[in-house]
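The structure under discussion appears below in the form of structure tokens.
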Amino acid sequence: MKLINKIRVLILFLGLTAISVSAQQDPNYTFYRYNMNIYNPAFAGSSEAAEFSLGIRSQWAGIEGAPESQSAIFGMPVGKNIGLGVSVLNDKTFIEQQTWLAIDVSYNILLDEDHTLYFGIKGSANSYDANTEGLVTYGVGQDGALTNYDSRFTPNVGAGIFLKHDRYFASLSAPKLLTPDRLQERDGNAYLGADRMHAYLSGGYTFLLGKTLDLKTMGMLRYVDASPLSVELTGILDFGEKFEFGASYRHDESFSGLFLFNISHGFNLGYAYETSIQSPIDGLDNNTHELFMRLKM
């Protein structure tokens, strides 16, 4: 087998094994602090103005079939207590590709002069496709049920709550409560299993270090059914809203560094570089590159 085919098979089994063992099925984003609408519908409309953001995440750059994710998010307040949001996510790994379209609606209650509580619901639809012929091409075994596999289009729902203060926040959500079909791996063979429910608990606090310097801290716990908790901690220095840089650590998985520049009023560009703690194969670039853009209108 040629080297490139071996790498493709490795990517496939890494992806399917991760689904079966760790059950982590949705992509992680280093810029998760800035695109929380993906995880929690209650964030829709929580900013003072409309926001639009784009994200591109590429893992194992240069290897055909390596994981790639793209996101487009829009959110805005509507009236005094209502927020609306739209999210489009595309995720591709070797033979799998899925596109997720979601609409968020939030309602907020002013608890006091400093605290606002948001409630959100998410309605979504997911198009999931897997080219099972690729399994045969690269000599990967498969369950007989995959022989006549057809792409899936499934609806889903989610919910979340979000507590906001000028200097801190707390968030709890489950963006997809239903569990549609998708590929998994067992004993070296691919078979049709079920998606897993993901739940996210996060919080952040901003320390005021000076007139033009803040330290933004944040943590996120990701719970996936039948999987250990995933813990991520992030610290970001904000230099008077001119530019930001920071680092992130995902327990037993990766380290990340990120930059975010304020190009003009309300327009930000960012880049993040993530390196895995464990290398899947010698000589394989298992690092991840992520680009982020945000526009406040």
> What about residue 103, is it touching a residue at least 12 places away in the same chain (Cβ under 8 Å), of a type in the set (A, V, I, L, M) and within 24 Å of residue 271 (Cβ to Cβ)?
Replying inline: no
>> Taking the condition of being touching a Ser or Thr at 6+ places or on another chain (Cβ under 7 Å) and modelled with pLDDT of 95 or more, how many residues in the range 240-254 meet it?
In response: 3
> Only one of (1) at pLDDT 80 or above; (2) within 25 Å of residue 174 (Cβ to Cβ); (3) acidic (Asp, Glu) fails for residue 129. Which number is that?
Replying inline: (1)
> How many of the residues in the range 36-58 are out of contact with any Asp or Glu (no Cβ under 6 Å at 6 or more places or on another chain), surrounded by fewer than 22 Cβ atoms within 10 Å (Cβ to Cβ) and within 20 Å of residue 247 (Cα to Cα)?
Replying inline: 1
> Which one of 122, 92 is modelled with pLDDT of 95 or more and surrounded by 15 or more Cβ atoms within 10 Å (Cβ to Cβ)?
Replying inline: 122
> Are any residues in the range 161-180 farther than 27 Å from residue 196 by Cβ and either among the small types (Gly, Ala, Ser) or assigned to a loop (DSSP other than H, G, I, E, B) (or both), and if so, which ones?
Replying inline: 165, 166, 167
> Any residue in the range 268-279 that is of a type in the set (A, V, I, L, M, F, W, C), in a strand (DSSP E or B) and touching a His at 6+ places or on another chain (Cβ under 9 Å)?
Replying inline: yes
> In the range 210-240, what count of residues is obtained for those that are over 16 Å from the mean Cα position of the chain (by Cα), farther than 21 Å from residue 274 by Cα and in contact (Cβ under 8 Å) with a residue 24 or more places away in the chain?
Replying inline: 10
> Mind checking which residues of the range 209-242 are among the hydroxyl-bearing types (Ser, Thr, Tyr) and in a loop (DSSP other than H, G, I, E, B)?
Replying inline: 212, 227
> Taking the range 34-90 only, how many residues are under 20 Å from residue 165 (Cβ atoms) and not in a loop (DSSP other than H, G, I, E, B)?
Replying inline: 10
>> Quick check on my filter: what residues within the range 245-282 are more than 22 Å from residue 58 (Cα to Cα) and surrounded by 14 or more Cβ atoms within 10 Å (Cβ to Cβ)?
In response: 262
>> Out of everything in the range 91-116 that is of a type in the set (Phe, Trp, Tyr) and in a strand (DSSP E or B), what residue ends up being farthest from residue 55 (Cα to Cα)?
In response: 107
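The values are calculated or read from the model by the stated rules, or taken from the named source; none is laboratory data. Everything numeric here is computed off the predicted structure, so don't read it as measured data. Because the Cβ atoms are built from the backbone with ideal geometry, glycine has one as well, and the counts that use them run over all protein chains shown.
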